[in-house]
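The block underneath contains the structure these notes are about, expressed in structure tokens.
The values are calculated or read from the model by the stated rules, or taken from the named source; none is laboratory data. Just so we're clear, the structure is a prediction, and the values are computed from it rather than from any experiment. So basically every Cβ, Gly included, is an ideal-geometry build from the backbone, and we count neighbours across all protein chains shown. Areas reflect the complete protein model, heavy atoms only, side chains present, ligands, DNA and RNA absent. Shrake-Rupley method; radii C 1.70, N 1.55, O 1.52, S 1.80 Å.
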Amino acid sequence: MQDSSLKTPYFMIDEVKLVENLEKAKQLKEISGVKLVLALKCFSTWGVFDIIKPYLDGTTSSGPYEVKLGYETFGGETHAYSVGYSEADIIEVADICDKLIFNSQSQLQAYRHLVEGKASIGLRLNPGVSCAGQDLADPARKFSRLGVHADKIEPQLMEQLEGVMFHMNCENKCVDSFIRLLDDISAKFGSYLDKMSWVSLGGGVFFTWPGYELERLGETLKAFSEKHSVQLYLEPGEAIITKTTDLVVTVVDIVENEKKTAIVDSATEAHRLDTLIYDEPATIQESSEYGEHEYVIGSCSCLAGDQFCVANFEEPLKIGQRLHVMDSAGYTMVKLNWFNGLKMPSIYCRRENGQVEKLNEFDYSDFKRSLSQWSVS
Ligand SMILES: Cc1ncc(COP(=O)(O)O)c(C=O)c1O
């Protein structure tokens, strides 16, 4: 399959780039003894799990469907953690997960009896400190509902746990700041950790970022796990799939209102939601920092402020031209929606041998079914 024959919009996952990240994950495991479970909330395109499986230990999930997907399509260890489970969720999930992590002591007390004997039970603790750029994604933000804070811990409940989970990083590229967080955790929670058999340090550690001090991270994790005699876990999402996937779009129109806007056959609101939520402009592969021709890369949705980025190009853009919106895997494919009835991007994988394999495509019937299956009589 030639790329030019593929209808846009589509995602292209690059196996070579994915394996580069996975090799770093493997190196981290070898240095530290940490186990790595893929955070499905970030990326759950199970069509490429066969590539990822040999490198990681399993998955971590939120809602019951994610847990089931991880169990069915990835295997290994299945961790389940949700900010709020219903009783029905717990019953569904307890049979298929290896570790079930509660977000609060009230959920632990209410549902522990449904999990005992089936899965190892853990609790999320909130260290009250974090490394996260934006308040929206900061687990230690004021009034945070995520996990139990040190001053609220009921010691007798901790006796009944096998493990705890912390998640306090978001795209943390700095080992030193991670070390400071771990020191803080040891100081605040050390006496509890010493009694656990496992501790998960969550996701958000960007160990595949170019220049990341992987060895220091590995040694730090090893020292932490030895100090508290626990099996450590990390729950990487973004670190595994960063820079692996382009969203390929076509310019369908060019309009001008003081600035030129190239309108493409995709929308951030439907196909790359975090661009909008976190106000983080996308990067276009074809752009060039010092190019003379500046364009807003605008979406074809009706939302006035829906744009991918402002970018410069060496040559004027043309209608019909394709653009590659880079790094479009994490928290993207899992958040796709049908806003405006836009065509849903297909999903492809470019294998190591250069061959392109189709993982998914969508049509009108998928859109229609997502809205109603039955009409009122
Ligand atoms: C509990 C938990 N674990 C893991 C992750 C994955 O984080 P990341 O994709 O930044 O590695 C998240 C992300 O929100 C999370 O909330």
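Table for the structure above
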read-out: Principal-axis tilt of helix 15-32 within the chain, Cα atoms, nearest 10 degrees; value: 20
read-out: Probe 1.4 Å - accessible area at Glu289, Å² to nearest ten; value: 150
read-out: Beta bridges by DSSP in the chain, antiparallel share as percent, to the nearest 5; value: 40
read-out: Accessible surface of Lys24 - all protein chains present, 1.4 Å probe, nearest 10 Å²; value: 70
read-out: In nm, spacing of pseudo-spin labels at Ala88 and Val376 (7 Å Cα→C-beta vector); value: 2.4
read-out: The chain - percent relative contact order, Cα under 8 Å, separation 6 or more; value: 19
read-out: Alpha-carbon centroids, segment 158-207 and segment 243-266: separation in whole Å; value: 42
read-out: Value of [θ]222 nm, deg cm²/dmol, for the chain, DSSP H segments ≥ 4, -39500 (n - 2.57) each, nearest 500; value: -8500 deg cm²/dmol
read-out: Most to least accessible of Trp374, Trp209 (protein chains only, probe 1.4 Å); value: Trp374, Trp209
read-out: Principal-axis tilt of helix 105-115 within the chain, Cα atoms, nearest 10 degrees; value: 80
read-out: Principal-axis tilt of helix 214-228 within the chain, Cα atoms, nearest 10 degrees; value: 20
read-out: Contact order relative to length of segment 153-256, as percent, for alpha carbon pairs under 8 angstrom and 6 or more apart; value: 31
